[in-house]
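J.: Sharing a structure below in structure tokens format, with a few things to ask.
All of the numbers you see were taken from the coordinates with simple rules; none came from a lab. If you're wondering where the values come from, they're calculated on a predicted model, not measured in any experiment. Neighbour counts run over all protein chains shown; Cβ positions are idealised from the backbone, glycine included.
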Amino acid sequence: MISSPPTSNASPCPSPADKRSQILEGAGRVFLESGYEGASMSEIARMAGVSKGTLYNHFASKADLFSAFFRQTSSQMQAALEVLGRNDSPNLRDSLTQAAEGIINVLLQPHALGLYRIIVTEAAHFPKLADIFWHNGFASTLENLSHWFSAAAARGQLNISDPQLAADQFMMLCQTRIVQRRRFMIPVEDDPASITRIATLTAESFLRIYAP
């Protein structure tokens with residue numbers, strides 16, 4: 001009788017894409033904790049659970065790794081924000097409040113706060129960072145808000161001559177108090193009730209400007 005070959009319990013080797021994701025996850029933890037200058041490739045390799053040789057096989061330099069992490073995280077932020085501003089509910093006040101709550105909650109995520117702080121610190125060394133962050137984090141949200149406000153104006157719910165400016169204003173109102181203070185690590189109440197209160201005030205302030 002021919003016996004079957006022994007079954008191997010070894011786990012399959014991770015694909016290059018999986019290994020890259022593993023490295024980016026580890027790099028993200030180090031960059032967000034230490035910033036760019038404070039991060040070392042040795043620490044990133046340790047955090048990612050790979051050798052420095054493997055690290056350099058995927059990324060030629062710390063700058064390349066940082067740019068890849070930044071693009072990935074900015075894109076994740078865009079995905080979370082892009083669904084906002086697509087609400088055509090007849091109750092505009094409630095819709096604006098819900099959109100403001102969504103924006104505030106996304107901007108309070110640890111990665112969003114970390115990216116903002118990194119931009120402020122590292123923009124001089126990486127001039128394109130702000131463009132990447134803006135394009136992947138804010139541009140699509142502002143576009144969605146602008147289209148939403150244009151549609152609301154067409155229905156007679158808003159009186160807006162410049163929807164793009166109105167979108168900018170709404171986004172800035174969402175960053176009042178809680179988001180700005182959290183960015184600078186200033187103590188502030190950021191529980192759900194506090195976020196709802198700021199979101200409600202944002203909607204009401206916006207309507208005072210643009211309600212017919």
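J.: Can you tell me the length gained on complete extension of the stretch Leu165 to Ala139, counting 0.36 nm per residue apart and subtracting the Cα distance?
T.: Details: separation 26, 0.36 × 26 = 9.36 nm, distance 1.25 nm.
Length gained, Leu165 through Ala139: 8.1 nm.
J.: Of the residues Ser42, Ser140, Ser75, which exhibits the maximal mean-square fluctuation in a Gaussian network model of the chain defined by a 10 Å Cα contact cut-off?
T.: Largest GNM mean-square fluctuation: Ser42.
J.: What does the C-alpha gyration tensor say about the overall shape of the chain? Classify as rounded when a/c is under 1.5, otherwise prolate if a/b is larger than b/c, or oblate. Write down the numbers at each step before the final one.
T.: Working: a/c = 2.62, a/b = 1.94, b/c = 1.35.
Here the chain falls in the prolate category.
J.: On to the next question. Taking 7 Å along the Cα-to-C-beta vector as the label spot, tell me the Glu25-Ala193 distance in nanometres, rounded to one decimal.
T.: 3.7
J.: Which of rounded, prolate or oblate describes the range 99-212 when judged by the alpha-carbon gyration tensor and an a/c cut-off of 1.5?
T.: Numbers: a/c = 2.72, a/b = 1.39, b/c = 1.96.
Verdict is oblate for the range 99-212.
J.: Please determine, in degrees from 0 to 90 and to the nearest 10, the orientation of helix 163-174 with respect to the longest principal axis defined by the Cα atoms of the chain, where the helix direction is its Cα long axis.
T.: That helix lies at roughly 70 degrees to the long axis.
J.: What full-extension length gain, to one decimal in nm, is calculated for Arg177 and Thr121 as 0.36 nm per residue of separation minus the Cα-Cα distance?
T.: Details: separation 56, 0.36 × 56 = 20.16 nm, distance 2.14 nm.
Extra length from Arg177 to Thr121 when fully extended: 18.0 nm.
J.: Ok, one more. By how many degrees, between 0 and 90 and to the nearest 10, does the Cα long axis of helix 16-38 differ from the longest principal axis of the chain?
T.: Once rounded, one gets 70 degrees.
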